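Participant: Structure below; questions to follow.
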Amino acid sequence: MARIMIVDDSPTDVQHLKSILNKAGHLVSEVTAGADAITRAKAEKPEVIIMDVVMPGVNGFQATRILSKDPETAHIPVIVVSAKSQETDRVWALRQGAKEYLIKPLMKEADLLDKIKAVLPK
């Protein structure tokens, strides 16, 4: 069981991700904006952050870059889960500090759970 923060401004996507994670026994918190994710990650210290890209204000790429460069949060792996499906989006997310990239809609719940398991400290 891991503490996981979902950062997404779509209530539908949040509910879908939360359902998958709760069923797998994870503790989930939700944030709807990139700027709030930065503040909350420092306070809550989740073990994994699941980050959308397209959000108002600070987008997921920007939030991932800030989190990955800040010594307080750099150790928290970010998995980007986005509808942006171009290879350039995946590469850019990884360059910003994301550890994994998945495309919405998730076809298999196991894909997300496998990525989480892969980024959690052993």
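Participant: One residue is enough: does the stretch 24-35 have a residue meeting the conditions among the aliphatic types (A, V, I, L, M), at pLDDT below 95, surrounded by fewer than 18 Cβ atoms within 10 Å (Cβ to Cβ) and farther than 22 Å from Met107 by Cα?
Facilitator: no
Participant: In the stretch 82-98, how many residues are small (Gly, Ala, Ser) and surrounded by fewer than 17 Cβ atoms within 10 Å (Cβ to Cβ)?
Facilitator: Within the stretch 82-98, residues that are small (Gly, Ala, Ser) and surrounded by fewer than 17 Cβ atoms within 10 Å (Cβ to Cβ) number 2.
Participant: Anything in the stretch 36-67 that is of a type in the set (A, V, I, L, M, F, W, C) and either outside any helix (DSSP H, G or I) or modelled with pLDDT under 95 (or both)? List them, or say none.
Facilitator: Listed by number, the residues that qualify are Val48, Ile49, Ile50, Met51, Val53, Val54, Met55, Val58.
Participant: Now, a different point. Against the condition buried (at least 20 other Cβ atoms within 10 Å of the Cβ) and within 12 Å of Ile6 (Cβ to Cβ), how does Pro46 come out, does it pass?
Facilitator: Yes, satisfied.
The values are calculated or read from the model by the stated rules, or taken from the named source; none is laboratory data. Note that the structure is a prediction, hence the values are computed from the model and not measured. Cβ coordinates were reconstructed from backbone atoms using ideal geometry, including for glycine residues, and neighbour counts include every protein chain displayed.
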